[in-house]
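The values are calculated or read from the model by the stated rules, or taken from the named source; none is laboratory data. The model shown is predicted, which means the values in this text are computed figures rather than measured ones. All Cβ positions, glycine included, derive from the backbone under ideal geometry; neighbour counts span all protein chains shown. For accessibility, only protein heavy atoms count, side chains too; no ligands or nucleic acids. Shrake-Rupley method; radii C 1.70, N 1.55, O 1.52, S 1.80 Å.
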Amino acid sequence: MEDVNEQSAPQNEPLASVLIVCYNRKESLRRCLRALDRSNERGRLDIIVLDTGSRDGSNTLDVDFPGVTFLRMPRNFGATKALNIGIRTAKAGLLFLLDPAIEVLPQTLPKLAELLEQTADAGGVCPLLAGPDGNTIAQVRNLPDRPVLAELWRDPGAIPASVPQPGQALTAVEYPGRRALLVRRSFLKGMNYFDERYGEFGGDLELAYQIRHAGKKAYIAAAAPAVDHAATEPVPDWSAGQRALLAADRLNGVAHFLGKRAGIVTEWILRFSAVAATLLRALTFQDPGFNWPLLTALLGGQKIDGSQSQL
């Protein structure tokens with residue numbers, strides 16, 4: 001894949017486009033946007049909220065943030081499609097993929113942009129995340145191997161994580177995720193955007209692989225801190241059907257990634273084993289209210305793409 005290095009943006013062009021995918025997280029989104037408004041060089045930030053069918057009023061915050069572009073989708077098409085819409089809408093050569101739970105500091109984005117441009121082998125840079133209590137969060141993860149991927153669809157936290165070593169200016173991370181990551185738009189265009197066979201989950205695995213495949217690295221930057229409020233957010237009250245759809249979407253993402261990187265046989269072995277294990281749980285009355293809908297979703301190859309009625 002060709003990696004086209006873009007020059008630093010002229011002063012009259014945006015420093016970065018911030019892409020925020022949001023679904024029913026109004027208060028987190030409000031805090032996130034307030035923090036971005038306090039950023040140094042705020043006038044050079046192109047902020048885009050990609051609302052995937054929220055029903056909690058998230059899509060009405062444009063009244064409070066007139067300098068932010070809100071793109072409202074009628075249904076939840078999943079993060080992959082939403083991000084592709086955002087990439088095509090963005091005005092800047094640098095794209096900051098941002099989760100609503102992340103509260104940037106005034107210097108975070110300018111510093112990330114500076115480091116991405118000055119670090120020759122950087123394919124992406126992430127802020128150093130700490131919780132509201134100031135404790136550094138574990139965010140150093142390897143790109144998961146097959147055994148971890150086999151667990152990942154059931155357990156989103158299956159990838160082991162560690163805290164960056166104190167005193168390191170830049171910490172390499174194989175799997176940076178997409179919760180707070182600055183990348184070049186040309187890099188995403190070079191990989192033909194995100195593969196929309198992924199739904200909500202899986203595109204970040206692909207991005208991590210492509211960064212490594214291009215001979216680049218993703219780094220966590222100690223000089224660009226941010227606060228992660230994810231641990232303090234209310235836990236969504238998902239129904240059994242919604243939880244089943246989310247799990248099926250993760251399985252689809254993991255299986256599709258495996259199919260692209262290890263072959264179609266590996267993909268279908270994982271899909272078959274997931275169906276067999278879920279059927280066994282359902283037949284032995286282990287959470288049948290969840291496992292029967294999950295079995296149906298797995299057999300149908302369900303993913304979050306706007307066709308579902310649960311979200």
### Summary
Subtracting the Cα-Cα distance of ASP287 and ASP62 from 0.36 nm times their residue separation yields 76.9 nm
### Query
For region 269-285, in order, what is each residue's ³J(HN,Hα) by Karplus, 6.51 cos²θ - 1.76 cosθ + 1.60 with θ = phi - 60°, in whole Hz (x at glycine and Pro)?
4, 5, 4, 5, 5, 5, 5, 5, 5, 5, 4, 4, 5, 5, 5, 9, 6
### Query
Given H placed 1.01 Å from N in the peptide plane, which residues other than close sequence neighbours of ALA16 have an amide H under 5 Å from its amide H?
ASP46
### Query
How high is the FRET efficiency between VAL235 and GLU13 when r is their beta carbon distance and R₀ equals 45 Å, given to the nearest 0.05?
0.65
#### Entry: Calculated FRET value between ASN40 and LYS91, using beta carbons and R₀ = 25 Å, to 0.05
0.85
### Query
Shape call for region 35-161 from the C-alpha gyration tensor, a ≥ b ≥ c root eigenvalues: rounded (a/c under 1.5), prolate (a/b greater than b/c) or oblate?
oblate
### Message
Under 8 Å for C-alpha pairs, at least 6 residues apart: give me the relative contact order for the chain, rounded to a whole percent.
### Response
21 percent
### Message
If you count only protein heavy atoms and use a 1.4 Å probe, how large is the accessible surface of LEU94, to the nearest 10 Å²?
### Response
10 Å²
### Message
Could you derive backbone 3J(HN,Hα) for region 57-66 from the dihedral phi with the Karplus parameters 6.51, -1.76 and 1.60 (θ = phi - 60°), listing whole Hz in sequence and x where the residue is Gly or Pro?
### Response
x, 4, 7, 9, 6, 4, 5, 7, 10, x
### Message
Could you work out [θ]222 nm for the chain from helices alone, using -39500 (n - 2.57) per DSSP H run of at least four and dividing by all its residues? Round to the nearest 500 deg cm²/dmol.
### Response
-11500 deg cm²/dmol
### Residue-span extension gain [ALA158 to GLN107] - 0.36 nm each, minus C-alpha spacing
15.2 nm
### Query
Taking the Cβ-Cβ separation of VAL148 and SER186 as r and a Förster radius of 45 Å, what is the calculated FRET efficiency to the nearest 0.05?
0.90
### Distance-filtered residues of region 155-178 - backbone nitrogen under 19 Å, label point 7 angstrom along ALA277 Cα→Cβ
155-161
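Would you mind telling me the antiparallel percentage of the DSSP bridges in the chain, rounded to 5? The partial results should precede the final answer.
On the way: 16 of 40 bridges.
Counting DSSP beta bridges with both partners in the chain, the antiparallel share is about 40 percent.
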### Task
Using the heavy atoms of the protein chains and a 1.4 angstrom probe, tell me the accessible area per residue for the chain in square angstrom.
44 Å²
#### Entry: Accessible surface of the chain, 1.4 Å probe, proportion on carbon and sulfur as whole %
53 percent
